[in-house]
Structure formats: C-alpha cells, structure tokens
Amino acid sequence: MVAITTAADGSIEVADFRQIFGLLPTGVVAITGKSESGKPLGFVVGTFQSLSLDPPLVMFAVDKGSSTWPWIRNLEQFTANILSTEQLSVCKALARKGDDKFKDLPFDWSSIGTPRLPNSTAWIDCDVASEIVAGDHYVIVGEIKEMEQASDDEALLFRGGKFGEFDIWDRPAPEPKPIAEEVETHE
C-alpha cells in the first residue's frame with residue numbers, strides 16, 4: 001500500500017490522482033457520431049453512466065482538448081457503444097489520435113444516423129441534452145432515444161491501466177444479521 005498525501009497548499013499530484021482512481025474499475029464505452037459531411041467519428045470514455053430514469057438520461061465526461069467531440073456536439077446526437085471483451089481492437093482504434101479512427105472498423109447506422117459498432121454489449125442512441133464545463137472536461141448529458149442489448153458478451157472493463165472483464169463469485173452473498181426483537185433501553 002502506498003500512502004498518498006496532499007501538499008501543504010492542498011494540491012493533489014496528477015500521478016497520485018491517477019493511482020487512486022485507477023483502483024476503481026470502469027466500463028469502456030465508445031461514443032460515436034458523425035461529421036457534418038457524414039464521416040463516422042468516435043472516441044472512448046471510461047466515465048459513462050446512467051443519470052436519470054425519468055426522463056431517461058445518461059452522462060459521460062470528455063476532455064476539453066478532444067478534437068472529435070466538437071464535431072459530434074455540432075450534430076447534437078451520439079451513440080454510446082458499450083464495448084464487449086471481444087472489442088479490445090475497436091477500443092484501441094478509437095482511443096488513438098488522428099482523423100481516420102474508423103479505418104477498417106465495421107459499423108452500421110442507427111435510426112438517429114450515428115455509428116453502431118457490431119459485437120458491442122449494448123447500444124444507447126442519444127440526443128445531447130446539455131454540456132457542463134467541469135475542470136478540464138465537459139460533462140455531457142444525453143437523452144436516450146433508443147437502446148438495445150446487442151450481445152450476451154461481457155462488457156470490457158478497465159482498471160489500473162489494464163483491461164479485463166467482470167467475474168461473478170461462486171460464493172453467496174453474506175446473510176443479513178437478524179434485527180433484535182427486543183431493544184434494551186437504558187433510562
């Protein structure tokens with residue numbers, strides 16, 4: 001175990017921040033959209049999650065320096081492709097810098113006109129509902145228009161710089177302790 005402390009001024013070192021939050025597994029999601037000319041675009045996030053049931057909303061964070069997000073933002077629609085353990089190569093292709101991330105990547109168009117990646121665990125098609133500035137990122141809120149489970153494959157996870165998958169334990173959950181039928185009172 002490594003002890004991490006803050007500086008006297010309360011600042012947190014970037015390496016320490018990454019080390020601590022690297023302990024928490026995240027799902028790997030490809031956010032896809034298209035340019036105004038119809039070119040498929042995408043990038044990978046580890047911050048995707050549900051936000052609201054009524055209305056159905058999701059959220060993710062994207063670095064302010066992203067060269068892809070401004071193009072997707074302009075059309076105000078995206079698909080969140082929950083990547084499966086079979087899609088590590090897709091993850092790596094969309095995580096790299098450059099203009100031609102979709103070279104040799106198969107995809108289908110969703111009903112809202114955004115790319116859906118085959119073999120994903122699920123697809124969630126959204127309209128951009130809002131964008132919030134938060135530090136060095138934008139927090140994007142999407143309103144779900146359509147969603148579909150695409151396969152029974154396990155979702156791809158990321159933790160501590162490594163990829164993996166969820167492993168269900170064979171052991172049962174602990175039994176709840178019974179609530180005392182009588183409570184002693186001390187007066």
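The values are calculated or read from the model by the stated rules, or taken from the named source; none is laboratory data. As the structure is a prediction and not an experimental result, all values here were calculated from the model. Virtual Cβ from ideal backbone geometry, glycine too; neighbours counted across all protein chains shown. The protein model used for the area step is the full one, side chains on, heavy atoms only, and it has no ligands, DNA or RNA in it. Shrake-Rupley method; radii C 1.70, N 1.55, O 1.52, S 1.80 Å.
With each pseudo-label sitting 7 Å past Cα toward Cβ, what's the D170-D99 distance in nm, one decimal?
About 5.5 nm separates the two model spin labels.
At what distance in nm do the modelled label points of E143 and S89 sit from each other, each positioned 7 Å from its Cα along Cα→Cβ?
Output for this residue pair reads 3.9 nm.
Tell me, in nm to one decimal, what length is gained between S130 and E13 on full extension, where the rule is 0.36 nm per residue of separation less the Cα-Cα distance?
Fully extending the segment from S130 to E13 adds 39.1 nm.
Would you mind telling me which residue in I12, I144, I132 has the biggest mean-square fluctuation in a Gaussian network model of the chain, where springs connect alpha carbons within a distance under 10 angstrom?
Between I12, I144, I132, it is I12 that shows the largest mean-square fluctuation.
How much area per residue is accessible in the chain when the probe is 1.4 Å and only protein heavy atoms are counted (Å²)?
68
Taking DSSP loops as anything outside H, G, I, E and B, show the longest stretch in the chain free of trypsin sites (Lys or Arg not before Pro) there with at most 15 other beta carbons within 10 Å.
Counting at most 15 other Cβ atoms within 10 Å as exposed, the longest clean stretch of the chain is 104-187.
Give, rounded to the nearest 20 debye, the magnitude of the charge dipole that the range 70-187 has about its Cα centre when Lys and Arg contribute +1 at Cβ and Asp and Glu contribute -1 at Cβ.
For this selection, approximately 960 debye.
Dipole of the range 1-80 (Lys/Arg Cβ +1, Asp/Glu Cβ -1, origin at the Cα centre): which of G46, A80, F21 lies farthest to the positive side?
Checked the options; the winner is A80.
In whole Å, largest first, what are the principal axis extents of the Cα atoms in the range 47-141?
34, 29, 24
From the square roots a ≥ b ≥ c of the eigenvalues of the alpha-carbon gyration tensor of the chain, which class results: rounded (a/c under 1.5), prolate (a/b over b/c), or oblate?
prolate
When the accessible area of the chain is split by element with a 1.4 Å probe, what percent falls to carbon and sulfur?
Here carbon and sulfur together make up 54 percent of the probe-accessible area.
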